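Asks: The structure under discussion is supplied below as structure tokens; questions concerning it will follow.
The values are calculated or read from the model by the stated rules, or taken from the named source; none is laboratory data. Only a predicted model underlies this, so the values are computations on that prediction, with no experimental measurement involved. No Cβ is skipped: glycine too gets one built from the backbone with ideal geometry, and neighbour counts run over all protein chains shown.
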Amino acid sequence: MNATVDRIQTMQMNDPTPCSKFTVHDVLNHMIVLGGTFTYSFRGEDAPELRAPGVYGWVPAAEFREVMDDLLAAVKSPGAMERQVTTPMGEMPGETFARLVAFDGLMHGWDLASSTGQRFEVPPAVICAVDEFARSALTSEMRDGDTFKDATTVPDDASQLERLAAFSGRSL
């Protein structure tokens, strides 16, 4: 996903995304702030209150990369998958939360790529694993119109990633 962010142009920062309440700028802020917060959770530490700058005037690709690299290191840190972590959805095992973070990240990566005219190349095995998890984890209670919308329909020739995006409530 870093490559996708690297290719975003400053003039695209206010463009809408398939995540209806977020612009490109908002998706980046969301991922930087939550990714930074989740890093602490996976390490078993209390997170400070993190805030994104209101306006950039540039694409925060370096900041995004730093947060995502740190998040990945935290997910791989000793004990991260076994410990109970505090999440916006309550306490859960690190392994379950890591899968939710992967689902969220994959969907927001697709949001960024599709709204900035890019191809989003993800290995099919990753899409398949995230899709399988999402279809078992996404409950009707989570489809509150805010966290997730109702699934949308896709054309017969939709890719596996497009089908997952539609399952998450995004319109293609």
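Asks: Filter segment 58-104 down to residues that are small (Gly, Ala, Ser) and out of contact with any helix residue (DSSP H, G or I) (no Cβ under 7 Å at 6 or more places or on another chain) and give me whichever is farthest from Ala129 (Cα to Cα).
Replies: Ala62
Asks: Sticking with this structure for a sec: State which residue is farthest from the chain's Cα centre (by Cα) when the search covers only segment 138-169 and only residues that are modelled with pLDDT under 90 and under 15 Å from Leu106 (Cβ atoms).
Replies: Leu138
Asks: Next question, about the same structure. Scan segment 56-74 for residues that are surrounded by fewer than 17 Cβ atoms within 10 Å (Cβ to Cβ) and in a loop (DSSP other than H, G, I, E, B) and jot them down.
Replies: Tyr56, Gly57, Trp58
Asks: Only residues that are closer than 20 Å to Ser115 by Cβ, of a type in the set (Asp, Glu) and part of a loop (DSSP other than H, G, I, E, B): list them for segment 137-172, please.
Replies: Once the filter is applied, which keeps residues that are closer than 20 Å to Ser115 by Cβ, of a type in the set (Asp, Glu) and part of a loop (DSSP other than H, G, I, E, B), segment 137-172 yields only Asp146.
Asks: Just checking, which of Leu112, Leu172, Leu161 is over 17 Å from Ser20 (Cβ atoms) and either of a type in the set (A, V, I, L, M, F, W, C) or in contact with a Cys (Cβ under 8 Å, 6 or more places away or on another chain) (or both)?
Replies: Result: Leu161 is the single residue among Leu112, Leu172, Leu161 that is over 17 Å from Ser20 (Cβ atoms) and either of a type in the set (A, V, I, L, M, F, W, C) or in contact with a Cys (Cβ under 8 Å, 6 or more places away or on another chain) (or both).
Asks: Would you be able to say whether some residue in segment 107-122 is on the phi > 0 side of the Ramachandran plot and either at pLDDT 95 or above or surrounded by fewer than 19 Cβ atoms within 10 Å (Cβ to Cβ) (or both)?
Replies: Scanning segment 107-122 turns up at least one residue that is on the phi > 0 side of the Ramachandran plot and either at pLDDT 95 or above or surrounded by fewer than 19 Cβ atoms within 10 Å (Cβ to Cβ) (or both).
Asks: Okay, next question. Failed condition for Met89, given (1) surrounded by 21 or more Cβ atoms within 10 Å (Cβ to Cβ); (2) modelled with pLDDT under 95, with all others met?
Replies: Looking at each condition in turn, Met89 falls short on (1).
Asks: Here's a follow-up. Name the single residue that is modelled with the lowest pLDDT among those in segment 23-55 being part of a loop (DSSP other than H, G, I, E, B) and in contact with a helix residue (DSSP H, G or I) (Cβ under 6 Å, 6 or more places away or on another chain).
Replies: Here the residue is Ala52.
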